[in-house]
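Engineer: Pasting a structure here, questions to come.
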Amino acid sequence: MASTVTERPGYGQLLRTPGAWTFLLPGFAARQPFAMLTIGIVLLVQHTTGSYGSAGAVAAVTGVSMALFAPQTGKLADRFGQRAVLLPGVLVHAASVSALTALALADAPLWALFAAAVPTGASVPQVGPMVRARWAAVLGAAPGREASPLLSTAAAFESVTDEFTFVIGPVLATALCTGVHPAAGLMAEAGLTLVGGLLFAAQHRTQPPVRATDGDSSERHASALSVPGVRVLAVAFLGIGSVFGGMQVSLTAFAEEIGHPGANGLLYGIFAAGNMLAGIACGAIAWRSGPRRRLIVGYAALALTASTLWAVHSVVLLAGLGLLAGLSIAPALIGGYTLVETLVPGSARTEAFTWLTGSVALGQAAAVTVAGRLADAHGASAGFLVPLVGTVLALATLVTLGSRLTHTAAGRTVTRGVGHRMSVTVD
């Protein structure tokens, strides 16, 4: 498909998009706490119970709850507007995190922590998907129409923003939990979520338009999961979640084993920095290959790197491999999000993004549970087996079902009634 754009789209051109800064800055503030939640739970619950398995299980309940409720949050945002969903959501989340923190400090039984973890995960604000939906709306992404060349740059920019938060978030949460109080990380997460979420919700002028859903509308709100490509990507993103969750728990256990618990934040920060650097590069390069191919190549590199983590016992080598793993994640994430922007119509795009975010959270939840149990029983090295298994299974899914990520397999848009065939080639 020939493009009419003669200049390479870059970050400067993207950031000159009218209205972009009105949602970028509040969006960055609102998503920062997301990177602090899991590690904050793990550090607090491990401190109060003495078990990585229990800490991972509580964090896993939070992740599963988020994975189950995030797509519904996205669907409601598509239907009623992002502001209508964010305002009550951030209030519930701040209250739920406060309750979970209080219960952990009171040495409440594990079932009580599980009960508090459910609303904590369910109410996590889906700011990242909402920002991506705003980019897609501003740049005019639509099935059946040539995608803006800036969409890939926007996806890369969002990956960089996400990973910048994962550079700052774990380091900040770890510093607060180890240097101030074991509960300080979670309490900071609750406060930042409340303030940042309210600021982002106030930017109602840049939110995607709410589409009518009356009986005469040709595009009603069916689930974004009805698109085959979205289902494939949702499964694939479980593997990325296994890397995030497995790395968080296993690096924490590794830092404890070597007697330097504070090194956890540094090691995870290096891992996230690799993702951020790769995201910057992905947005600056004029790619000749399509997002589907970049997704598969990035995933293959990620699986290869993850296969070596369990055998490493050196801080320097582990930091280097963590950097390589981070460098491999960004192309996979960016490729997946770019595909969604061209496969799914605007009326379901926020929901589609939340399916992917929820899949990452679900994979992370499973990973922290399994890696926590393995680390308790066999040490940090065993915990690193989780990213290996997760990435290999996800890569096998992509290789087997990757044809569904093209326009010929995605087929119908998310509509009811008369189907619409897409003419965009996204490979």
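Engineer: Assuming residue 118 fulfils every condition listed in (1) in contact (Cβ under 8 Å) with a residue 40 or more places away in the chain; (2) over 30 Å from residue 207 (Cβ atoms); (3) open to solvent by 30 Å² or more (accessible area, probe 1.4 Å) apart from one, which condition is it?
Structural biologist: Residue 118 satisfies all of (1) in contact (Cβ under 8 Å) with a residue 40 or more places away in the chain; (2) over 30 Å from residue 207 (Cβ atoms); (3) open to solvent by 30 Å² or more (accessible area, probe 1.4 Å) except (2).
Engineer: Regarding residue 193, is this residue open to solvent by less than 10 Å² (accessible area, probe 1.4 Å) and in a helix (DSSP H, G or I)? Walk me through it before giving the result.
Structural biologist: On the way: open to solvent by less than 10 Å² (accessible area, probe 1.4 Å): yes; in a helix (DSSP H, G or I): yes.
Criteria met by residue 193.
Engineer: Taking the options 113, 68, 103, name whichever one is open to solvent by 50 Å² or more (accessible area, probe 1.4 Å), assigned to a helix (DSSP H, G or I), under 30 Å from residue 50 (Cα atoms) and touching a residue at least 60 places away in the same chain (Cβ under 8 Å).
Structural biologist: On the way: 113 fails: open to solvent by 50 Å² or more (accessible area, probe 1.4 Å); 103 fails: touching a residue at least 60 places away in the same chain (Cβ under 8 Å).
Criteria check complete, one pass: 68.
Engineer: Taking residue 249, is it outside any loop (DSSP other than H, G, I, E, B) and open to solvent by 10 Å² or more (accessible area, probe 1.4 Å)? Full working, then the answer.
Structural biologist: Values: outside any loop (DSSP other than H, G, I, E, B): yes; open to solvent by 10 Å² or more (accessible area, probe 1.4 Å): no.
It is false that residue 249 is outside any loop (DSSP other than H, G, I, E, B) and open to solvent by 10 Å² or more (accessible area, probe 1.4 Å).
Engineer: Considering only the range 286-309, I want to know if a residue exists there that is assigned to a loop (DSSP other than H, G, I, E, B) and modelled with pLDDT of 80 or more. Explain how you work it out, then say what you get.
Structural biologist: First, the residues of the range 286-309 that are assigned to a loop (DSSP other than H, G, I, E, B): 286-290, 307-308.
Subset that is modelled with pLDDT of 80 or more: 307-308.
Checked the range 286-309: at least one residue is assigned to a loop (DSSP other than H, G, I, E, B) and modelled with pLDDT of 80 or more.
Engineer: Looking only at the range 78-100, how many residues end up being open to solvent by less than 10 Å² (accessible area, probe 1.4 Å) and either touching a Lys or Arg at 6+ places or on another chain (Cβ under 9 Å) or without any contact (Cβ under 8 Å) to a residue 12 or more places away in the chain (or both)? Can you show your working first?
Structural biologist: Narrowing the range 78-100 to residues open to solvent by less than 10 Å² (accessible area, probe 1.4 Å): 81-82, 86, 90, 93, 97, 100.
Adding the requirement that they be either touching a Lys or Arg at 6+ places or on another chain (Cβ under 9 Å) or without any contact (Cβ under 8 Å) to a residue 12 or more places away in the chain (or both) leaves 82.
Summing the residues that are open to solvent by less than 10 Å² (accessible area, probe 1.4 Å) and either touching a Lys or Arg at 6+ places or on another chain (Cβ under 9 Å) or without any contact (Cβ under 8 Å) to a residue 12 or more places away in the chain (or both) in the range 78-100 gives 1.
Engineer: I'd like to know if the range 198-205 contains one or more residues that are among the aromatic types (Phe, Trp, Tyr) and modelled with pLDDT under 85.
Structural biologist: Here is the first cut: in the range 198-205, the residues among the aromatic types (Phe, Trp, Tyr) are 200.
Still in the running and modelled with pLDDT under 85: none.
The answer is no; no qualifying residue exists.
Engineer: Shifting gears a bit: Identify, from the list 233, 238, 225, 266, the residue that is modelled with pLDDT of 85 or more, open to solvent by 40 Å² or more (accessible area, probe 1.4 Å) and not polar (S, T, N, Q). If you could, list the steps in order and put the result at the bottom.
Structural biologist: Working: 233 fails: open to solvent by 40 Å² or more (accessible area, probe 1.4 Å); 225 fails: modelled with pLDDT of 85 or more; 266 fails: modelled with pLDDT of 85 or more.
Checking each option against the conditions leaves just 238.
Engineer: Looking at the range 33-50 only, could you name the residues that are of a type outside the set (Val, Ile, Thr) and either under 22 Å from residue 164 (Cβ atoms) or out of contact with any helix residue (DSSP H, G or I) (no Cβ under 6 Å at 6 or more places or on another chain) (or both)? Quick ask: steps written out before the conclusion?
Structural biologist: Here is the first cut: in the range 33-50, the ones of a type outside the set (Val, Ile, Thr) are 33-37, 40, 43-44, 46-47, 50.
Once the filter is applied, which keeps residues that are of a type outside the set (Val, Ile, Thr) and either under 22 Å from residue 164 (Cβ atoms) or out of contact with any helix residue (DSSP H, G or I) (no Cβ under 6 Å at 6 or more places or on another chain) (or both), the range 33-50 yields 33, 34, 35, 36, 37, 40, 43, 47, 50.
The values are calculated or read from the model by the stated rules, or taken from the named source; none is laboratory data. Everything quoted here is computed from the prediction, not taken from an experiment. Every residue, glycine among them, receives a Cβ derived from its backbone with ideal geometry; neighbour counts consider all protein chains shown. We work out accessible area using only protein heavy atoms, side chains counted, and drop any ligands, DNA or RNA first. Shrake-Rupley method; radii C 1.70, N 1.55, O 1.52, S 1.80 Å.
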